[in-house]
Amino acid sequence: MSTNTAAKKADAAPPYPTRIDLAADVRAKLISVLNQHVADTFDLMSQTKYAHWNVKGRDFIGLHKLFDELAELLEGHVDQFAERVTALGGIATGTARQAAASSRVAEFPAGVYKSMDVVAALADRYAALGKTVREAIDETDELGDKDTADLFTEVSRDIDQSLYFLEAHLQG
């Protein structure tokens, strides 16, 4: 069974029973939204670490440190999304292969190592993730789960601040 098939099968499985007062069909939808963001956020985290390892140029040390901090922040959000999945009775589909197979984040461009080119590439990806996280706020709120919507709101603020840190380098 391919990793992508395994992830979809786990994601489609009925949620484990829980005493959370959300219907199983609602929880299944929430789990799907959350697992998509596990994949997207894990992928962006790995791309941010890639940038951290490979950035070159006069701004190296500052960007190297910034990218490490941004990756660490994303790692925390991956954990929050995955733990919310399991709290809702689902299976968190968050291996590196599952994330890569499911991520909607564009692949980091090959051959990009110069400092501001790396910043621009990351800024594009942070902006894209920010958009889907904001969409998830509304989607999970419409499903009646204020807690998950609040989680996405918290992540949205952090993604926007991270994007600000990246764009500030490009605007100066």
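Residues that are open to solvent by 20 Å² or more (accessible area, probe 1.4 Å), within 19 Å of Ile159 (Cα to Cα) and not charged (D, E, K, R) within the stretch 83-104 comprise just one, Ser103. Looking only at residues of the stretch 1-47 that are among the small types (Gly, Ala, Ser), within 21 Å of the chain's Cα centre (by Cα) and modelled with pLDDT of 90 or more, we find that the one that is surrounded by the most Cβ atoms within 10 Å (Cβ to Cβ) is Ala39.
Condition check ((1) touching a helix residue (DSSP H, G or I) at 6+ places or on another chain (Cβ under 8 Å); (2) open to solvent by 40 Å² or more (accessible area, probe 1.4 Å); (3) touching a residue at least 40 places away in the same chain (Cβ under 8 Å)) across all residues:
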| site | (1), (2), (3) |
| --- | --- |
| Ala51 | yes, no, yes |
| Lys114 | no, yes, yes |
| Lys131 | no, yes, no |
| Ala136 | yes, no, yes |
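The values are calculated or read from the model by the stated rules, or taken from the named source; none is laboratory data. Here the structure is a predicted model, which means the values were calculated and not measured. A quick note on method: Cβ atoms are made from the backbone with ideal geometry, for glycine too, and the neighbour counts reach across all protein chains shown. With ligands, DNA and RNA removed, areas are computed over all heavy atoms of the protein, side chains included. Shrake-Rupley method; radii C 1.70, N 1.55, O 1.52, S 1.80 Å.
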